[in-house]
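The values are calculated or read from the model by the stated rules, or taken from the named source; none is laboratory data. This one's a predicted model, so the numbers in the text were calculated from it and none came from an experiment. A quick note on method: Cβ atoms are made from the backbone with ideal geometry, for glycine too, and the neighbour counts reach across all protein chains shown. Surface areas here come from the heavy atoms of the whole protein model, side chains and all, with no ligands, DNA or RNA. Shrake-Rupley method; radii C 1.70, N 1.55, O 1.52, S 1.80 Å.
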Amino acid sequence: MNEAPTLYLCLGSACHQRRGYRLLPLLEELIRRHDLSARLRLKGAFCLENCQRGCSLKFDGRIFSDLNEENLGEIFAREILPRCQPT
Ligand code: FES
């Protein structure tokens, strides 16, 4: 059985200063709403080495930058959700 993919939300100091921590409950809600708790793991990261480009997360080997409350849902739907569907 394949392990669920992991989404890493950066909680490092640069992202923290940009209030990236506010994305955590939003991601938890998206995972709950789409019933992905068994198919997607959410973890914090201390720094994704992308500090100059705004709040960041990493998923499936890709870094997503400049995240905020307004664009997170769209990026989640477009980039993450399709990769979490049952095969
Ligand atoms: S602190 Fe978030 S990318 Fe460095």
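If you line up the long axis of helix 23-33 against the longest principal axis of the chain, both from Cα atoms, how many degrees apart are they, to the nearest 10?
Result, in degrees: 10.
Given a 1.4 Å probe and every protein chain left where it sits, what share in percent of the accessible area of the chain is carbon and sulfur?
Numbers: 2710 of 5680 Å².
Using a 1.4 Å probe with all protein chains present, the chain comes out at 48 percent carbon and sulfur.
Take the Cα atoms of segment 25-87, build their convex hull, and give its volume per residue in Å³.
Details: hull volume 5.5 nm³, N = 63.
Hull volume over Cα atoms, normalised by residue count, gives 87 Å³.
When the chain is fully extended, how far beyond the present Cα-Cα distance does ILE63 get from GLU29, taking 0.36 nm per residue of separation?
Full extension from ILE63 to GLU29 adds 10.2 nm.
Quick one: accessible area per residue over segment 6-84, 1.4 Å probe, rounded to a whole number of Å²? Display every interim value, and only then the final one.
Numbers: 4720 Å² over 79 residues.
Solvent-accessible surface per residue comes out at 60 Å².
Report the net charge of residues surrounding CYS51, where surrounding means a beta-carbon distance below 15 angstrom and charges are Lys +1, Arg +1, Asp -1, Glu -1.
Working: positive: ARG18, ARG19, ARG53, LYS58; negative: GLU49, ASP66.
Cβ neighbours under 15 Å give a net charge of +2.
As an exercise, use a Förster radius of 35 Å and the Cβ-Cβ distance of CYS51 and ALA4 to find the FRET efficiency, rounded to the nearest 0.05.
Working: r = 27 Å, r/R0 = 0.78.
Calculated value: 0.80.
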